[in-house]
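Structure, as structure tokens:
The values are calculated or read from the model by the stated rules, or taken from the named source; none is laboratory data. It should be emphasised that the depicted structure is a prediction, and the values quoted were computed from it without experimental measurement. All Cβ positions, even for glycine, are placed from backbone atoms using ideal geometry, and neighbour counts span all protein chains on display. Quick note on the areas: whole protein, heavy atoms, side chains included, nothing else; ligands and nucleic acids left out. Shrake-Rupley method; radii C 1.70, N 1.55, O 1.52, S 1.80 Å.
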Amino acid sequence: MAHEPAAYRTTGRGTRRLHPWPVRIMHWTNAAAMIVMILSGIGIYNDEAILGWVFFPHWLLLGSWAAEHLLWHFAAMWVLVFNGLAYLLYGLITGRFRRKLLPISAHEAVNDVRDALRFKLAHEDLTAYNSVQKLLYIGVILAAIVQVLSGVAIWKPVQFSGLTALFGGFQGARLAHFLGMAGIVGFLFVHVALALLVPRTLAAMVTGGPVVPEERA
């Protein structure tokens, strides 16, 4: 039998699941809202493409016409904004972001990326993120923030003219929103691929994972 890290065997007071229930609920809610926003967003994009040579097939869209695309997009937007804000506050107040995402070693990051590209990325200890995971999570959090800001600039370009100007105008905000969506889609593909490489990480986000000391949860 493989040796199990000591942290996995800890029980009793001062312990909790690796992924507490609030984290699991917010994680899957964010994932669902992102998917809805992406599938409805590309329908909105198709109505007036920024890049004339990039269009998406109808079967991939959520909604059959422009009004439905917008309804789905705005519904998911409010879920993502409020749930995402709760996720950020939880991660900052509890110190989860600091413990899980920092520090990042450049040397380890290069080695982990190389191993991931060769499908040899090891992740024996679920209580610690490797450099690839840290970079991906930080990147998608920043991309989501840009998506919200650029989305507001597109939604209310007159009321938030200063914000719209930061993106170089309405079309600049649209381009930033499109590129941000592309970045999040890329993250989802890599995220799922890494989860398939190490299936225990996916199971842990469903069940809560092993019991660990509170300072490592």
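Working note: Cα gyration tensor of region 90-183, eigenvalues times five, square-rooted, sorted largest first, giving semi-axes of 34, 16, 9 Å. When only the Cβ of Lys, Arg, Asp and Glu is charged (+1, +1, -1, -1), the dipole of the chain relative to its Cα centre reaches about 620 debye.
A protection proxy built from the mean count of other Cβ atoms within 10 Å ranks the segments 134-144, 108-118, most packed first, as 134-144, 108-118. Most tightly packed first, judged by the mean number of other beta-carbon atoms within 10 Å of their residues, the peptides 55-64, 175-184, 74-83 read 175-184, 74-83, 55-64. The calculated FRET efficiency for the pair R96 and K120, based on their C-beta separation and a Förster distance of 22 Å, comes to about 0.20.
How large is log10 of I(q)/I(0) for the chain at q = 0.08, 0.11 Å⁻¹ when the intensity is taken from the Debye formula with one equal scatterer per alpha-carbon? With one equal scatterer per Cα and no solvent, log10 I(q)/I(0) is -0.35, -0.64.
In this structure region 83-187 gives 55 Å² per residue of accessible area when probed at 1.4 Å with all protein chains present. Here the chain exposes an accessible surface that is 71 percent carbon and sulfur, computed with a 1.4 Å probe and the other protein chains kept in place.
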